[in-house]
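To start, the structure under review is shown below, and the notes come after it.
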């Protein structure tokens, strides 16, 4: 029973770990603790999964709830300041543009409030529908849409805005 | 439907970006955008961001699954000491000892990035004040220094050239890193005698991170991870000045 259910869950471990890692700003030990808690809870509540249901969505929902209840409170790094302004408007050779763009966007994502980061990642990185994202995060779909819009606007402002203001937009 | 398509709502704009707008309405919205360059430019930028986000974290899917997850299918998991030992043996066999395990073992309050920065700052404080024995291998033997450290860290190192920033390479040394084996330290010096160190260790987690900033005692540090290596640049003075040096270093490392 345990083995069979684990086999079904197993295929989702890479994407759960990726989501947890980005959610926890690349704090690997904490991210893997979160995934482990999620898997343990899924296995212990296996009877609650309604087949044929969306197992991936169910697992992300469990992970989300654990994160909100347990982890978010513990994440505090008073001695570390994440910086927002790296690589603004640098003059760079073209082969670096993509990498810098990547860094700008990922840094902007790290700066987003939790709820906006979750929504953006679930929709864009994980490809969940708006309905699924609403289920996972436990909010109405209207809230998903407004979080998504605000998240994207902040990322846009952080990356495109700066480079454009300085007249050296990197594309 | 009239000739003038209805102005799209913000939700429709988001759905368009995600490819989730129904086809009929999508044609209308695209027609409207073709007449409205500013919203059209915004949509293009949002699409560009989505493309970046979709791919930005793909490399994280490739990480090997830790033993602690692989064991879960056969028995109920607990974080017992016995399990920790078993996991460590597997990890060592994989050649990936350290990393999450070492940190997990000392409790969730231990942030690996903070310990990286802390180790680098300690090394800076230890050697930057040394006058005669600041380095193990001097800059006059730079080629040997870089080859040696690259061999020990099992990754292609470079000693960035910071001459344009007013810092010349003094030399470097090998150090014990906190968890990931050996670390390298390159030391730089300004005309004024002010010193800067670049600390490099293996990046066991993989992937890239943003620049991060922290201060310890009287020094400041920027650190970042880039592929196989993690870097910490440490110096005195203003954060903005150190940031400029960190950018120059990054560029030198990624020509």
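The values are calculated or read from the model by the stated rules, or taken from the named source; none is laboratory data. All figures in this text were calculated on a predicted structure; none of them were measured in a lab. Here the Cβ positions follow ideal geometry from the backbone for every residue, glycine too, while neighbour counts run over all protein chains shown.
Given the options B:205, B:219, B:170, name the one that is touching a helix residue (DSSP H, G or I) at 6+ places or on another chain (Cβ under 7 Å) and closer than 23 Å to residue A:110 by Cβ. On inspection, the qualifying residue turns out to be B:205.
Counting just the residues of segment B:180-206 that are crowded, with 21+ Cβ neighbours inside 10 Å and outside any strand (DSSP E or B), which one comes out modelled with the lowest pLDDT? Ranking the candidates gives B:180 first. When residue A:84 is tested against (1) in a helix (DSSP H, G or I); (2) within 28 Å of residue A:143 (Cα to Cα); (3) at pLDDT below 90, only condition (1) is not met.
Where helices (runs of 4 or more DSSP H) fall wholly inside segment A:1-71, the ranges with 3 or more residues that are over 30 Å from residue B:210 (Cα atoms) and not assigned by TED's automatic domain parsing to the domain that holds residue A:108 are A:2-10, A:28-44. If you go through segment B:227-234 one residue at a time, do you hit one that is assigned to a loop (DSSP other than H, G, I, E, B) and either closer than 18 Å to residue B:126 by Cβ or free of Cβ contacts under 8 Å to residues at least 24 places away in the same chain (or both)? No, segment B:227-234 has no match at all.
Consider segment A:113-153 and keep the residues that are more than 8 Å from chain B (Cβ to nearest Cβ) and within 10 Å of the chain's Cα centre (by Cα). The one that is surrounded by the most Cβ atoms within 10 Å (Cβ to Cβ) is A:119. Annotation note: Cβ proximity below 7 Å between a residue of segment A:129-140 that is touching a residue at least 60 places away in the same chain (Cβ under 8 Å) and a residue that is surrounded by 19 or more Cβ atoms within 10 Å (Cβ to Cβ) and outside any helix (DSSP H, G or I) (sequence gap 6+ or interchain) occurs for A:136/A:128. Going by the structure shown, is residue A:75 in contact with a strand residue (DSSP E or B) (Cβ under 9 Å, 6 or more places away or on another chain) and either at pLDDT 90 or above or within 11 Å of chain B (Cβ to nearest Cβ) (or both)? When the stated conditions are applied, residue A:75 does not pass them.
Filtering segment B:199-225 to residues that are within 14 Å of the chain's Cα centre (by Cα) and more than 9 Å from chain A (Cβ to nearest Cβ) leaves B:199, B:200, B:201, B:202, B:203, B:206, B:221, B:223.
Annotation: residue B:215 fulfils all but one of (1) out of contact with any strand residue (DSSP E or B) (no Cβ under 6 Å at 6 or more places or on another chain); (2) in a strand (DSSP E or B); (3) modelled with pLDDT of 85 or more; the unmet one is (3).
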